[in-house]
Amino acid sequence: MTKQYDFDKIIDRHGTNALKTDVLTVRYGRSDLLPLWVADMDFETPDFIMEALRERLNHPVLGYTKNPDGYYPAIQKWLLTVHGWTIQSEWLRYIPGVVKGIGFAVNVFTKPGDRIIIQPPVYHPFHLVPRGNGREIVYNPLTLLDDGLYAMDFNQLEQTLSNGDCKLLILSNPHNPGGIVWDKATLLRLADLCDRYHTLVIADEIHADLTLYGHQYTPFATVSEAAKLNSITFGAPSKTFNIAGVVSSFAVIPNDAVRKAFYTWLSANELDEPTIFAPIATEVAYIQGYEWLQALKRYLEGTIDFVDDYLSEHNLGIKAIKPQATYLVWLDCRALKLTQADLVDLFVNKAHLALNDGAMFGPGGDGFMRMNVATPRRIIEQALENLRQVIEK
């Protein structure tokens, strides 16, 4: 019998130092907001993960630990059975977060002043991390199609790459905030160009498990030999199973030379040694979590459909771009014809909603807002009612 999971349960996260709820005044200037911004979920972390962590806490010593024997095999099995990707254990290494991993790669493979390509609108640390490390950002803007989805501009990309001075390209696969699951043909063309111009691809694939509506994620490193040998992939169970606070990310590097350079640097700085709980949570999530994940995705699809139907029915001048992956809905608000400052004011100070300002994702983000719908549907319904009342006034 299939186990039932209660994604409608309301959980008050205030006062737990949750970033999502307890920094609203600092980030938005007020605390009376429905928090639909930072990308974690308001659902309970799966019981099998919590039980594994509690079991470890039954032992009274939390000292230095080695990786459990089943840690890397659990990641390998998940990538193979869920995504059809066969990887070797030596390709794997723990990293303390995907954003940190990007920062590590920037420091290992580039020097101050080097140029790094990103594809906006895109996850804002792709801008912040290279710039904070003294590197130059080069844009390969995505093309917004009539259906609200995005495509890569390969003509502009090749012009940019042909200068020969772009050391890295940071790829969001699946894409955040657009929710695009890049198809194999797109990734193959990207791989060929980056290989031709000797630009290493850093693939952030943290949302890989959260594909929706039958879409299938393709690991970048699997599309060709060039992609395999010219990439670093970062993944994690954190978005999938709502364990971001455990810090349980990993890197996959098939290329011997790239792997040696990166993992030697990690090891020298002891950045590849996980905390005591990360391997435990990762292993049990990947061994026991498939059924829970399917239930989660069905619930998310229902919520996204609800958002889309509500906005269409009430004709609010806002269009939901239904994501092919992730629980992040990219809201096209351009029909409201507001400045970005006025758009943010409408959401925050009038509708009392904390979303991510589309402008933070770089060029192409103005006129958009990003909404996290991984919360009980009653919360989403209340948020949309707030928005409707404000816009109809």
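Since every read-out is calculated from the coordinates, none of them should be taken as a lab result. Being a predicted model, the structure only gives us computed values, none of them experimental. FYI the Cβ positions are ideal-geometry reconstructions off the backbone, even for glycines, and counts take in every protein chain you see.
Summary table below
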quantity	calculated
Within the chain: Cβ-based charge dipole about Cα centre, in debye rounded to nearest 20 (Lys, Arg +1; Asp, Glu -1)	560
Pairwise centroid distance, computed over Cα atoms, of region 29-43 with region 277-353, Å	12
Under the span-like rule (Cα at least 24 Å along the axis, Kyte-Doolittle mean at least -1.0), DSSP H helices of the chain	290-314
Cα-derived Rg to Rh of region 252-328, Kirkwood definition	1.23
Full-extension gain in nm, A341 to S162, via 0.36 nm per residue minus C-alpha separation	60.7 nm
Cβ-based net charge around V122, under 15 Å, with every Lys or Arg adding one and every Asp or Glu removing one	-3
Listed residues A320, Y94, A74: farthest to the positive end of the dipole of the chain (Cβ charges)	Y94
Most positive-pole-ward Cα, A244, Y290, A185, against dipole of region 162-304 from beta carbon charges	A185
Net dipole in debye of region 133-181 [+1 Lys, Arg Cβ; -1 Asp, Glu Cβ; about Cα centre; nearest 20]	240
Given charges at beta-carbon only (K, R positive; D, E negative), |dipole| of region 1-156 in Debye	680
Placed amide H near S249: partners under 5 Å, 5+ positions off or other chain	I95, G97
Protection proxy ranking, peptides 379-388, 52-61, 17-26, average beta carbon neighbours within 10 Å, highest first	379-388, 17-26, 52-61
Extension gain from D12 to V390, taking 0.36 nm per residue of separation minus the Cα-Cα distance	133.5 nm
For region 245-393: lysine pairs under 28 Å (alpha-carbon distance), excluding those fewer than 8 apart on one chain	11
FRET efficiency, 1/(1 + (r/R0)^6) with R0 45 Å, evaluated for R27 and E273 via beta carbons	0.90
The chain: most fluctuating residue of E273, E205, E90 per GNM, C-alpha cutoff 10 Å	E90
Estimated inter-spin distance, Y139 and E55, nm [label 7 Å along Cα→Cβ]	5.1
Long-range HN-HN contacts of L353 with modeled amide H, under 5 Å	L34, V348
Beta bridges by DSSP in the chain, antiparallel share as percent, to the nearest 5	55
³J(HN,Hα) computed for each position of region 356-373 - Karplus, 6.51 cos²θ - 1.76 cosθ + 1.60, integer Hz, glycine/proline x	8, 5, x, 5, 5, 8, x, x, x, x, 5, x, 10, 9, 9, 10, 8, 9
Within the chain, helix-based [θ] at 222 nm, where runs of 4 or more DSSP H residues each add -39,500 (n - 2.57), nearest 500	-11500 deg cm²/dmol
Chain lengthening between K3 and F48 when straightened (0.36 nm per residue, less Cα-Cα)	15.0 nm
